[in-house]
Amino acid sequence: MRFAVIGGGVIGLTTAYALVRRGHHVELIEKQNQVALETSFANGGQLSYRYVSPLADAGVPLQALGWMLRGDNAPLRFRPAISRHQWRWCLRFLQACRRSTNRRNAAHLLRLALHSQRVLRDWREEDGLSDFAWRANGKLVIHRDRASFENAAAALDPAAGQRVLDARQCAEIEPALFPLAERLKGGIYSPGDEVADCHLFCRRLLERLVRSPNFQLRSGQAVTALNRENRRIRSLSFGKESLEVDHLLIAAGAASVRLLQPLGIELPIYPLKGYSLTLPLSSHVGIPETNVTDYDNKVVYARLGDQLRVAAMVDIGGWDASVDQRRIAMLQRLAGETFPGAGNYRNATQWAGLRPATPEGTPLLGATTLDNLWLNVGHGSLGFTLACGSADVLGDLVTDQRPAVAMDGLTFTH
Ligand SMILES: Cc1cc2nc3c(=O)[nH]c(=O)nc-3n(C[C@H](O)[C@H](O)[C@H](O)COP(=O)(O)OP(=O)(O)OC[C@H]3O[C@@H](n4cnc5c(N)ncnc54)[C@H](O)[C@@H]3O)c2cc1C
């Protein structure tokens, strides 16, 4: 089969890789001159296979009211817009905040995430995919607040293989936490989780793809319209130019919404802006080796080779990915308080990206109402984690084969 894939982020590249691996032809279309320069560029680096609870959860609406009062210093900042899309998304988000809905969506995500881990392992072991700062280093979610710790401990899914730790055990697993141990109430440890550099991973995938005669990259060209004929997409426009397509797969992150709107397809995806700092490490003292999530501040820390990546925050309020210095200042302060020995966070490289998030936190995979149009979108804050599994599932769905995981809760119901 011949596919055009729109989007050269981690989702589009893994999808292209899974399709080419199965013998299909892929033309990957990316509007930037290089791949993975948008949300897949400097994310948290966490392959968080077992810690997948969606943002929408019981208690979050109330907590969000408190955060709104804290303004720029809150983990979540809401800027209301005159936008039907924003309000519909927020309403659906509120509906997803029931504990039972959160648990159900977490189970869908866990199933896909564990499959993703198996697929990446196969690609590493069978294809020799390497050199992207991958490590199996485990993930530790630390809690400073007793109530949040007790909730997290009570909600553990036995299928996830996680352990509940007290503060002393947290510091034993991750010695860089010793200075903080007195302030911790405990932690949730996922020994099977991993870390890697998402941008490097994308570049390694591309290096392999371009060696295949079945792959072509069209970079530096933005798709401006999808042209429909009856129940099919006939062609894509790039301004005045056009390209005929057999099958079209959308993996354009948050921008997928605007590509599909003119066809009357409303994706429930909103861009949740987040920020990161990348700090070059000059010593190895006081640096976490494990992936650490500071639950109450909503900050993640990952060591990627000789750098520390610090990522955090959710801004709900628009489509621009500019870096807001007030948010960066907050991130520098929190990182400096948590791991002060890592270096001077003012010297860190600053970045912001838009998470393509559904209200429920679950991605939209597979068929649409049009016969040759496929989706791999809406991975929110878990796109790197879920990419290989989602791509593999798509590889099965496009040829009508049964995917390795059950698809309930993971499709686009129109
Ligand atoms: C601060 C932050 C921290 C994060 N941390 C983690 C983490 O630790 N672990 C994890 O699993 N996930 C994390 N994520 C989420 C993850 O980064 C995203 O889910 C993932 O990168 C989304 O990938 P994507 O390919 O869908 O989107 P993108 O990477 O944005 O790729 C979409 C591509 O489509 C292209 N495009 C768009 N429109 C067009 C068009 N019209 N024509 C042609 N090309 C087009 C864009 O240029 C872009 O390259 C984080 C996100 C943020 C913001």
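The values are calculated or read from the model by the stated rules, or taken from the named source; none is laboratory data. This structure is a prediction, so every number in the text was calculated from the model and none was measured. Neighbour counts run over all protein chains shown; Cβ positions are idealised from the backbone, glycine included. These accessible areas exclude ligands, DNA and RNA; they are computed on the full protein's heavy atoms, side chains included. Shrake-Rupley method; radii C 1.70, N 1.55, O 1.52, S 1.80 Å.
Select the strands (runs of 3 or more DSSP E) contained entirely in region 151-261, then report the ones holding at least 1 residues which are within 16 Å of the ligand (Cβ to nearest atom) and surrounded by 15 or more Cβ atoms within 10 Å (Cβ to Cβ).
Working: elements: 163-165, 186-190, 215-219, 225-229, 232-238, 241-244, 247-250.
Because the criterion is at least 1 residues that are within 16 Å of the ligand (Cβ to nearest atom) and surrounded by 15 or more Cβ atoms within 10 Å (Cβ to Cβ), the strands (runs of 3 or more DSSP E) in region 151-261 that meet it are 186-190, 215-219, 225-229, 232-238, 241-244, 247-250.
Looking at E182, E172, which is the one that is over 20 Å from S48 (Cα atoms), without any contact (Cβ under 8 Å) to a residue 12 or more places away in the chain and over 26 Å from the mean Cα position of the chain (by Cα)? Break it down stepwise before answering.
On the way: E182 fails: without any contact (Cβ under 8 Å) to a residue 12 or more places away in the chain.
It is E172.
Where residues in region 297-322 are closer than 27 Å to A254 by Cβ and assigned to a loop (DSSP other than H, G, I, E, B), which of them is least open to solvent (accessible area, probe 1.4 Å)?
G318
Of (1) surrounded by 17 or more Cβ atoms within 10 Å (Cβ to Cβ); (2) more than 16 Å from the ligand (Cβ to nearest atom); (3) not polar (S, T, N, Q), L65 satisfies all except one. Which?
Answer for L65: the failing condition is (1).
Of the conditions (1) more than 13 Å from the ligand (Cβ to nearest atom); (2) part of a strand (DSSP E or B), L277 satisfies every one except a single condition; which number is it?
Every condition holds for L277 apart from (1).
Can you tell me which residue among G66, G138, G128, G71 is more than 22 Å from the chain's Cα centre (by Cα) and at pLDDT 95 or above?
G128
With respect to V292, determine if the residue is within 13 Å of the ligand (Cβ to nearest atom), of a type in the set (V, I, T) and not in a strand (DSSP E or B).
Numbers: within 13 Å of the ligand (Cβ to nearest atom): yes; of a type in the set (V, I, T): yes; not in a strand (DSSP E or B): no.
Considered against the rule, which asks whether it is within 13 Å of the ligand (Cβ to nearest atom), of a type in the set (V, I, T) and not in a strand (DSSP E or B), V292 comes out as no.
Among the listed residues V285, V292, which satisfies the condition of being modelled with pLDDT under 95 and either open to solvent by less than 20 Å² (accessible area, probe 1.4 Å) or over 17 Å from the mean Cα position of the chain (by Cα) (or both)?
Result: V285 is the single residue among V285, V292 that is modelled with pLDDT under 95 and either open to solvent by less than 20 Å² (accessible area, probe 1.4 Å) or over 17 Å from the mean Cα position of the chain (by Cα) (or both).
Show me the strands (runs of 3 or more DSSP E) found entirely inside region 1-109 where at least 3 residues are over 28 Å from W134 (Cα atoms).
2-6, 76-78
Which residue pairs have Cβ atoms under 6 Å apart, sit 6 or more places apart or on different chains, and have a first residue in region 310-321 that is in contact (Cβ under 8 Å) with a residue 40 or more places away in the chain and a second that is in a loop (DSSP other than H, G, I, E, B) and more than 9 Å from the ligand (Cβ to nearest atom)?
Between residues of region 310-321 that are in contact (Cβ under 8 Å) with a residue 40 or more places away in the chain and residues that are in a loop (DSSP other than H, G, I, E, B) and more than 9 Å from the ligand (Cβ to nearest atom), the close pairs are A312/K298; M313/P75; G317/R79.
Would you check which residues across region 37-52 are touching a Cys at 6+ places or on another chain (Cβ under 8 Å) and within 6 Å of the ligand (Cβ to nearest atom) and list them?
Within region 37-52, S40, N43, G45 meet the criteria.
Of R111, R104, which residue is in contact (Cβ under 8 Å) with a residue 24 or more places away in the chain, away from the ligand (no atom under 16 Å from the Cβ) and open to solvent by 10 Å² or more (accessible area, probe 1.4 Å)?
R104
Looking at L28, L55, L13 in this structure, which one is open to solvent by 10 Å² or more (accessible area, probe 1.4 Å) and within 13 Å of the ligand (Cβ to nearest atom)?
L55
(1) open to solvent by less than 10 Å² (accessible area, probe 1.4 Å); (2) touching a residue at least 60 places away in the same chain (Cβ under 8 Å); (3) within 25 Å of L177 (Cα to Cα); (4) more than 11 Å from the ligand (Cβ to nearest atom): which one isn't true of R327, the others all being true?
Going through the list (1) open to solvent by less than 10 Å² (accessible area, probe 1.4 Å); (2) touching a residue at least 60 places away in the same chain (Cβ under 8 Å); (3) within 25 Å of L177 (Cα to Cα); (4) more than 11 Å from the ligand (Cβ to nearest atom), R327 breaks only (4).
Scan region 125-177 for residues that are under 22 Å from A335 (Cβ atoms) and of a type in the set (S, T, Y) and jot them down.
Answer for region 125-177, where residues must be under 22 Å from A335 (Cβ atoms) and of a type in the set (S, T, Y): just S148.
Could you tell me which residue of region 368-412 is surrounded by the fewest Cβ atoms within 10 Å (Cβ to Cβ), considering only residues that are within 16 Å of the ligand (Cβ to nearest atom) and among the hydroxyl-bearing types (S, T, Y)?
So, considering only residues that are within 16 Å of the ligand (Cβ to nearest atom) and among the hydroxyl-bearing types (S, T, Y), the one surrounded by the fewest Cβ atoms within 10 Å (Cβ to Cβ) is S381.
Going by the structure shown, is S322 within 20 Å of P75 (Cβ to Cβ), within 11 Å of the ligand (Cβ to nearest atom) and not aliphatic (A, V, I, L, M)?
In short, no.
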